[in-house]
Amino acid sequence: MSLLLAASYLFDNDHHMTGRLRLFTLLALAPLLASCTDEIGLTTAPGWRAEPIMEWDDALPDMLLLSGDEKQLFVSCETTANMLSPSLARIHLERKSRDILIYGLARADGLKMDSRGDLWLGEESEDGLVIRIFSPETLPPGQRLDRDQLISSHTDITPVLNAGRFSHEGLAFSKNGEFLYLADEWIEGCLYRMSLTSGKLEVLHKTKGWLHINTPIDARFKAEVLHGRLFKRIEDMETLPDGRILLAETGSKEYQGRIWILDGRGVSPQISVYLESPEIHHPDNLEWDSSRGWLWITDDHSPSNLWAYDGNKLRKIASHSGAEITGVESSRDGTIYLNLQHRFIGPDLTLKLMSQ
């Protein structure tokens, strides 16, 4: 019998219970009753409902990315580096099953797909790598990557050394496919871009534009020598339909985050504030929703909130006080996918969020 049914039975059948005792008992049971009536713990705005599609044990699901046909959902796993820890998973949405594609990375995080359909996966660690996965939809599960020896168990898994060694959480491709933009998720991190044809790595300077880094393995050190523009932890990036790129700077305890917009289409890159609101404390993951014309924003705060921004108005769509909302991803039919990571009660979850 659930706590809710038990309480109802108790109140309806115990004729000797006084009103004061009933009130005391109800107050004592209230926190437990609340947890039973909302199994997920996610509060949603009117007109929205959430449904779990996958549970996770010790995988720390973070970023999400749909395959081109939207039948598979890729999940980066923010686990520590060892050959038994999952780093990249694949959910088969129609079969409601999953497999672990790659083990061995250090806090796999940033996840984007290029125009060819290849996945690019970044490690959120101080000496993080960027990994390119060719044909991820058909990659056999159970692959390993040794990040120290830079060897993998499958030829379709390749470290991209020209992308530099730093904390790779934010990744984004230019609309024309010429560049991969990379952000160093560090309290004094810089913004980089790598040419997809030449492999040349550059760092953004505040006034001088893009400056060449000749030794990508030392990218963070070289960026400091070149006085690259500093940000306080860029967590994610998103390419808009017009080619401009959004940067989620999450900030710190003393510094509230904001979202920047980078216009690199001209000769000189232009960067300005896109969104700064007292309601969003630490913007984390970004997702452009083409079906609605909204920008989805997760807030790494307590409680953790999911916001939608239409260019004028902010809407709080979901909130959780006992987990971090991560990895928001939108489908063409308007379904939203997200993770609940570090759940206080129960396993981590991947959910789909739907408007009613």
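Could you line up 130, 273 from fewest to most neighbouring Cβ atoms inside 10 Å?
Numbers: 130 23, 273 10.
Ascending number of Cβ neighbours within 10 Å: 273, 130.
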With springs only between Cα atoms under 10 Å, which of 321, 67, 198 fluctuates most in a Gaussian network model of the chain? 198
Explain nothing, just the number: relative contact order of the chain, from Cα pairs under 8 Å at least 6 residues apart, as a whole percent. 13 percent
Taking the dipole of segment 215-356 about the Cα centre (Lys, Arg +1; Asp, Glu -1; charges at Cβ), the one of 239, 306, 261 that reaches farthest to the positive side is 261
Please arrange 289, 146 by how many other C-beta atoms lie within 10 Å of their C-beta, fewest to most. 146, 289
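For the chain, what does -39500 (n - 2.57) per DSSP helix run (n ≥ 4), summed and divided by total residues, give at 222 nm, in deg cm²/dmol to the nearest 500?
Values: 3 runs with 37 residues, N = 356.
Value at 222 nm, helices only: -3000 deg cm²/dmol.
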Going through the cross-link list 71/200; 96/200; 112/313, which pairs have a Cα-Cα distance over 32 Å in this structure? 71/200; 96/200
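Values quoted throughout were computed directly from the atomic coordinates according to the rules given, and no laboratory measurement underlies them. Since we're looking at a predicted model, the values are computed, not measured. Counting neighbours? That spans all protein chains shown, and the Cβs are built from the backbone with ideal geometry, glycine included.
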